Each structure stands twice: as structure tokens, then as C-alpha cells.
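The values are calculated or read from the model by the stated rules, or taken from the named source; none is laboratory data. Keep in mind the model is a prediction, meaning the values are calculated, not measured. For neighbour counting, all protein chains shown are included, and Cβ atoms are generated from backbone atoms with ideal geometry for every residue, glycine included.
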Amino acid sequence: MTSSKAAAHPGPVPVVAPPGTETVRLAWASSLALPAATLLVAVLVLVAWQYLPPALGVPRFIIPTMTDMAAEMGRMWRQEDLLTHLLSTASMAAIGFVAGGILGAGCGYALGLSPLWEKVLSPYILALQIAPKVAFAPLFIMWFGYNAWPKLIVTVLVVFFPILVNVLQSMKTTDRDLVNLARAYSMTRAQIFWKVLFPASMPNLLAGLRIGATLAVIGVTVGELVGGSIGLGYLITYGEGQANTAMVFDAIVLLTVIGIALYWMVAAAEARILHYLPKVAG
Amino acid sequence: MNAAVSQSASPVELKPRPEAQAVPEPQTKATPALSFDGVTKRFANRTATPFTAVEGLSFDIAPGEFVSIVGPSGCGKSTVLNMTAGLDRPTEGRVALNGEAVTGPNVHVGFMLQKDLLLPWRSILRNVEFGLEARPIGKAERRERALRELARCRLQDFAHHYPFQLSGGMRQRAALARTLAIQPDVVLLDEPFSALDAQTKLLLQRSFARTIHASGVTTLLITHDLSEAVAMSDRILVMSERPGRIVEEMDLDLPHRDDPIARQALPRAREAIAHLFQSLHLAEREA
Ligand SMILES: Nc1ncnc2c1ncn2[C@@H]1O[C@H](COP(=O)(O)OP(=O)(O)O)[C@@H](O)[C@H]1O
Ligand SMILES: [Mg+2]
């Protein structure tokens, strides 16, 4: 019965209708109200964080106040070379994310093009996908030593699988009729891949990259926690050794910021690349 | 019952199949644009006996002719299309285009389905160019041909829109433009109107009829809609239930091939539909 509406406009009427003034005013109101509400929540949480634990008698070395954390952030910047640690973690996450993304997507397309190999390898892919990749970190340290490689490899591994699985899924589910259409136009296998399968995989690839962006930070952090002498993960273990909770909290905040930055870059790329999809509300 | 329809003033020329084979058909001498010669298609499955989709299909389509195939769903209509497009090979028999056996996908046929199969990431213009990209022609000529085809399908104002911005009927017109852009000898339409609402369907049928009439291309329309077949074609082939066979052939000889809406209003068209209705034994059957 959904088509009954379309029947009312049989002529060439584009689906996008001009918004009425009523909806414009509503959209304008909610466009301000929503961020305001979000901001209010943030302010409430920060104020509660600042005043609630002391009021309840929780000592500052258990839960530091906001001002403690800000002060510690300044101290770390001056005395602990925070910028170097921050840049190290950010660049490792970015490199691991890009490398894992390229490898994952490449393997996804390759397996998608060779169903035989896909069938042969699928149980191992599933097993590796389920295995907790970060648990390999100590192993990589034993193999490669205390340098950048272990955390990089862990990050690549963590990013690799969701992207591989997403791309492979798209390669397997692309409409057969679309592929047949390209075949009927006498297109070669390479043309079918570049003109149909590859662009059709973009939504899946980008969804995989979005997951990968958040996982990349986890991979680097675990690598640094287990055996590093640099990076925010290292600062966490260092702060733990000194019973400096403010330092640990600060490092966690900065790790989250790196994750958000990576995620935001993928989301921005996605908005540009997937411009051809009808916008969903919100 | 049957005779009541096909009496003296019969609008349709009936050719029960077995007799038609005994008498040589009074067809034109020209090589048929498309011919099926004793075509059988079986699909292998897990059981020992393969599944027969269509059996012993023989028919010719003359250049410029518009032929419809009607039949119950699952009778192998899409299989006929796939074998013509070269996407599937017959198990027995021969499919030929302009007298040349079909051995694989080729430049002579264009097909379109119920789904528009437009690439959502391409503009309408780039979608129409899609089929031309496997051809050795320059970019400028490709664009020019695509624009010409869009104009013929009255979509020139939407060349730079994306598929999601168009209605279902417009998307099907864009798909027809893409199909005609490769200048095929034969166009295969597999239920192109069946996903549309009744009103859009009527308008689109007329739009397609005009465009196809103007281009003069040979057309094979697959449909389960009897009135659509009568409204649009020169000749109708009726297929039986599985395994699909041609059980009847009907020459329509009705005016207004370029205007199905006008044609459907003709009393003779209604009689033809009634006759088809009977030959498919729809009255006695259950769903
Ligand atoms: N590739 C295939 N393998 C096995 N069976 C098939 C295949 N394609 C079609 N069939 C079977 O052949 C029969 C005819 O299919 P189809 O030509 O799609 O029918 P229609 O288009 O008339 O509805 C169906 O029963 C379908 O299940
Ligand atoms: Mg079908």
C-alpha cells in the first residue's frame, strides 16, 4: 500500500519535496534544542564529577576532581613530555589503521573474487575473527622486542578483520542481476569489478572502516600497556605505578580524543563518498 | 466456449501449436532477428533427474516485431531471456540472433528487468553511459549518445540527478534509455512494469510503446499481465506451466501499437484478453 502515494503523482515528480514553512521552523528549533540539551548533560556530569565525590568523602587519589585532572594535564605537558607521547600514540593508531584497512580491504576483495579460496579459508577467518587479537601483544613483544612493531602489528590485526568481513560480505551479496547486466554488456571481469563490485562495496567498506577506527586506538593502547616506553598507554602504566589516578584519567581522555578524531575523519569521508544514498533522518 | 471467441469476426488468428508446425509458417523471408529452435533448458540439482525449466521451444521473431511471452510464474520466462542474452546456454537446441548462434553475452541484445538496476552511485547520465563503456567508442560520442537517448525517453532534465531522486517510473525510463543507448538489435523486457502502481504502469507502458515504436527495435516482452501483452505487442506466445512449452500463438493485428491506452479501449483487445484468459485455463485453476 506504500505505492498509493506515488500514484497520486504519476508525472515526473522528484521524491524530494520542498519543506513547508512549518517543518522549517520545527527543524530550526530542534537544531538548537538538541545540541543545547547535549551540552547541558556535559555540564551536569562535569559539575557532578567536580563536587560529588568530595561531598561523599571519596579521596582524591581514588577519583580526582576535574580541577585535579586539569592541573595534572598541565604538569604532564611540562614535565612528562606529554606531546611526544600523544603524537606517538596518534601516529601509531593512524598508521595501524591505514595499514590494517588496506590489508583488510585487499584481502576482502581478493577472497570475494575467488569463492573457492573463500570457502577454503572461511573457518580460519572465523576463528581469527573471534580470537582476542590484543592477547597476542605479549607474544609479539617476545618475538620483536620492545619497539614499535608489536603495537603496530596488534593494531593492524585488530583493524584488519572487521574490514575484511565487511568487504567480503558486500562482494558476496552484490545483486547478481547487476553483475549479469554488466556481463550482458560484454564487460570484462576487471571492468565488472571496478565499475560494479568495487563501488557497490563502498557502504560496507566505510562501515568496516568506522569500526576499525575505534578499534585502532584499543590495539595501540594494549600494545603500549604491555610493553612500551612511549605513548599514552605507557603513561597509564606509569601513572598506575605512581598511584597517580589523575594521570591515568588524563591519558584515557586523550586516547578517547584520538579515537574520536579517527572516527570523525572516516565519517567525513563517508558523507562525501556516499552522497548518492538517500539521507536518513538525523 | 473457446469457439465463441474465435468465431467469424475473430480478432485474433489462432494457431494451435501442433498444427502450426505441420504447415510452414507464412513468415517473411528475411532472417529472423531472434529465433529459438527446439530449445530445452535443464538445471542440474541434487536429485538424479535434472530439473527441466523449458522444453522444445521454437519460435521466430521478425526484425522490428514486438512479441510478448505470457505464462504462469515459474514457467521459464526469465530462462528464455537469459538464454537470449547469452547469460545461460540451452541444454538442447539453438538460439540465434540474426541467424547467428548465441554463444555468450553479445552486443546485439539489451535487457531490462523489473528492477531498474541503475547504479545508485552514478548520475542518470552516467548510468545511461554504463552499457557503452565496454565499447570502443570515445568519451564525447558516448556522452552524445547517452544524451540523445535520455532526450528520447524525456529525461534530459534529470541527466544529473541520482537514481534515488527519481520516481519508480522515471527510473524504469532511465533503464530503457540505458538499454537503447547500446543500439541493440533486440530488446528483452522482463516484466519491466510489474513493480509499479497501476497508474504509473499505464503511463509507462505508453511511454515505452512510443519510444520502442520510434526506434523500430525488435522487442521481446516477458510478462504475466495478459492485458499488458495485448496492449503492447504484435504477437503473443503463451507458455504452459513447468516445463515451459509454447502452447499457443496469437497474432494480434490491432492498431495503436504506439499507444497501449488507446488500444486497450478497443473491443477487439478485450476479446483477445478473454481468449488468452481461457487458453491459460485461469477460470478453472486455483491459486
Ligand atoms: N540457475 C538455476 N538453477 C536451477 N533452477 C533454476 C535456475 N534458474 C531458474 N530455475 C528454475 O527454473 C524455473 C523457471 O524459472 P524462471 O525462468 O525464472 O521462471 P519465470 O521467469 O517464468 O517465473 C523455476 O522453477 C526456477 O526455480
Ligand atoms: Mg521471471
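Of the residues making up the stretch B:59-94, those that are more than 14 Å from every other protein chain (Cβ to nearest Cβ), more than 15 Å from ligand 2 (Cβ to nearest atom) and either in a loop (DSSP other than H, G, I, E, B) or under 29 Å from B:Asp258 (Cβ atoms) (or both) are B:Phe59, B:Asp60, B:Ile61, B:Ala62, B:Pro63, B:Gly64, B:Glu65, B:Phe66, B:Val67, B:Pro90, B:Thr91.
Mind checking whether some residue in the stretch A:162-170 is polar (S, T, N, Q) and within 14 Å of chain B (Cβ to nearest Cβ)? Scanning the stretch A:162-170 turns up at least one residue that is polar (S, T, N, Q) and within 14 Å of chain B (Cβ to nearest Cβ). Listed by first and then second residue, the pairs linking a residue in the stretch B:218-237 that is free of Cβ contacts under 8 Å to residues at least 40 places away in the same chain to a residue that is away from ligand 1 (no atom under 14 Å from the Cβ), with Cβ atoms under 7 Å apart and 6 or more places separating them unless they lie on different chains, are B:Ala231/B:Gln205; B:Ala231/B:Pro260; B:Ala231/B:Arg263; B:Ala231/B:Gln264; B:Ala231/B:Ala269.
Results for (1) over 30 Å from B:Gly131 (Cα atoms); (2) touching a helix residue (DSSP H, G or I) at 6+ places or on another chain (Cβ under 8 Å), shown as yes or no for each residue.
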{"site": "A:Leu128", "(1), (2)": "yes, yes"}
{"site": "A:Trp149", "(1), (2)": "yes, yes"}
{"site": "A:Val154", "(1), (2)": "yes, yes"}
{"site": "A:Leu157", "(1), (2)": "yes, yes"}
{"site": "A:Phe161", "(1), (2)": "yes, yes"}
{"site": "A:Ser170", "(1), (2)": "no, yes"}
{"site": "A:Thr173", "(1), (2)": "no, no"}
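The condition of being touching a residue at least 60 places away in the same chain (Cβ under 8 Å), at negative phi, in the same structural domain as B:Glu241 (by TED's automatic domain parsing) and touching a helix residue (DSSP H, G or I) at 6+ places or on another chain (Cβ under 8 Å) holds for B:Val70. Within the stretch B:145-163, the only residue that satisfies the criterion of being more than 19 Å from B:Val217 (Cβ to Cβ) and of a type in the set (Asp, Glu) is B:Asp157. Counted as qualifying within the stretch B:201-287 are the helices (runs of 4 or more DSSP H) with 2 or more residues that are within 16 Å of ligand 2 (Cβ to nearest atom), namely B:226-232. In this entry, A:Val156 is excluded by the filter for residues that are closer than 30 Å to B:Gln114 by Cα, assigned to a helix (DSSP H, G or I) and modelled with pLDDT of 95 or more.
List every residue pair whose Cβ atoms lie under 6 Å apart, where the two residues are 6 or more positions apart in sequence or sit on different chains, the first residue falls within the stretch A:225-238 and is over 13 Å from A:Leu82 (Cβ atoms), and the second residue, located anywhere, is assigned to a loop (DSSP other than H, G, I, E, B). Cβ pairs passing all conditions: A:Gly227/A:Tyr146.
Residue count for the stretch B:184-198 satisfying the condition of being away from ligand 1 (no atom under 16 Å from the Cβ) and within 16 Å of the chain's Cα centre (by Cα): 4. Does A:Leu205 qualify as being surrounded by fewer than 18 Cβ atoms within 10 Å (Cβ to Cβ) and within 14 Å of chain B (Cβ to nearest Cβ)? So A:Leu205 fails the test. In this structure, is B:Arg143 more than 8 Å from chain A (Cβ to nearest Cβ), surrounded by fewer than 18 Cβ atoms within 10 Å (Cβ to Cβ) and touching an Asp or Glu at 6+ places or on another chain (Cβ under 8 Å)? Considered against the rule, which asks whether it is more than 8 Å from chain A (Cβ to nearest Cβ), surrounded by fewer than 18 Cβ atoms within 10 Å (Cβ to Cβ) and touching an Asp or Glu at 6+ places or on another chain (Cβ under 8 Å), B:Arg143 comes out as yes.
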